[in-house]
Amino acid sequence: MIRESYVFAIDGTHASGKTTLLYSVAAYLKSRNFNCIVLPEPSRNSPLVDDVVLHNSGSFDLPLELDLIATHLIQCIRASRKYPIILSDRTPINVLAYTNLLVKLKNKNEKRILNSVEIFIYNWSSSYDLIFYCQDYYSQYQADDKMRTKVLNIQSEVDTQTREYYKKANIELEYIPKGKLLSDQTEWVINKIINKIK
């Protein structure tokens, strides 16, 4: 919980259905008069990521990843001013997984910074009330989605690395049952959320 807000996240690798599920859960909650907000995945709105993915300018580096982590924190803190229920697309732990796979640290100082950030993120992640994890893999290729295309070949590695980071942080995940219809997944998540906020 951050301030007086309940914070829930849906995590998983790209093409796992998390964003679709997140908006389905939000729609259900809003239809029952729960005041909630969806926090979008920061990488989808980052000018630094756009430079790398869309404009082929530069590469994934530590400043880019720190920007994504900071955006997660800022979005959550600001949302807690007005919304009693916050629904987040991914968490900073997911960013750590991508950082480990995509970024080559340049020097000892960058390593020290990342080590410090990692400890902070582990502590921050305990403020989430529940973190749901999508285990399904859907078709990844979408010709008009350059963001997804850029990381097509590391889906399995991201999945493994993300789970390992959660384990290292002693964060218990709510694993969403595989192979279910969106309506069934939504109901499953909603039941967990309602039980938590009662």
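Computed from the coordinates by the stated procedures, all read-outs in this text should not be read as laboratory data. All of these numbers come straight from a predicted model, not from anything done at the bench. When we count neighbours, we look across all protein chains shown, and the Cβ atoms used for this are built from the backbone with ideal geometry, even at glycine.
Treating the beta-carbon of each Lys and Arg as +1 and of each Asp and Glu as -1, no other charges, what is the dipole magnitude of the chain about its Cα centre, to the nearest 20 debye?
In debye, rounded to 20, the chain gives about 440.
Return the loop-located trypsin sites (Lys or Arg not before Pro) in the range 45-130 (DSSP other than H, G, I, E, B) with at most 11 other Cβ atoms within 10 Å of their own Cβ; answer none if there are none.
Here the sparse-neighbourhood loop sites are ARG81, LYS82, LYS104, LYS106.
What spacing in nm lies between the two simple spin-label points modelled at ASN170 and GLU4, each 7 Å away from Cα in the Cβ direction?
Roughly 3.0 nm, to one decimal.
On a C-alpha basis, how far is the centre of the range 103-121 from the centre of the range 31-76 in Å? Whole number, if you could?
The two parts, judged by their Cα centres, are 19 Å apart.
Taking a cut-off of 17 Å between Cα atoms, list the aspartates and glutamates near LYS104, but don't count ones fewer than 8 places away on the same chain.
Here the aspartates and glutamates satisfying the reach criterion relative to LYS104 are ASP61, GLU65, ASP67, GLU118, GLU157.
Report the calculated FRET efficiency for THR160 and ASN45 (r = Cβ-Cβ distance, R0 = 41 Å), to the nearest 0.05. Before the final figure, lay out each step's value.
Numbers: r = 27 Å, r/R0 = 0.65.
The value I calculate is 0.95.
Report the full-extension gain for the segment LYS82 to GLN135: residue separation times 0.36 nm, less the Cα-Cα distance, to one decimal in nm.
15.9 nm
Find the percent of Cα-Cα distances in the chain that exceed 21 Å, and round it to a whole number. Working shown, then result.
Details: 10057 of 19503 pairs.
Distances greater than 21 Å cover 52 percent of the Cα pairs.
With n ≥ 4 as the cut-off for DSSP H runs, can you work out [θ] at 222 nm for the chain, using -39500 (n - 2.57) per run divided by the number of residues, rounded to the nearest 500?
After summing the helix terms and dividing by the residues of the chain, the value is -16500 deg cm²/dmol.
How high is the FRET efficiency between SER57 and ASN107 when r is their beta carbon distance and R₀ equals 22 Å, given to the nearest 0.05? Can you show the working numbers first?
On the way: r = 22 Å, r/R0 = 1.01.
Result of the calculation: an efficiency of 0.50.
I need the calculated FRET efficiency for the pair SER183 and ILE74, taking r as the beta carbon distance and R₀ as 45 Å, to the nearest 0.05.
That gives a FRET efficiency of 0.85.
With a 10 Å radius around each residue's Cβ, average the other Cβ atoms per peptide and rank 182-193, 115-126, highest first.
182-193, 115-126
Taking neighbour Cβ counts within 10 Å as the exposure measure, how do VAL103, VAL158 sort from fewest upward?
Ascending Cβ contact count within 10 Å gives the list VAL103, VAL158.
Under 25 Å between alpha carbons, and skipping anything fewer than 8 positions from LYS18 in its own chain: which lysines qualify?
Leaving aside lysines fewer than 8 places away in the same chain, those within reach of LYS18 are LYS30, LYS82, LYS146, LYS150, LYS167, LYS168, LYS178, LYS180, LYS192, LYS196, LYS198.
State the antiparallel share, in %, of DSSP beta bridges confined to the chain, rounding to the nearest 5.
Percent antiparallel among DSSP bridges in the chain is about 5.
What is the helix-to-structure angle for 18-31, meaning the angle in degrees between its Cα long axis and the longest Cα principal axis of the chain, kept from 0 to 90 and rounded to the nearest 10?
Taking Cα atoms only, the helix is inclined about 30 degrees.
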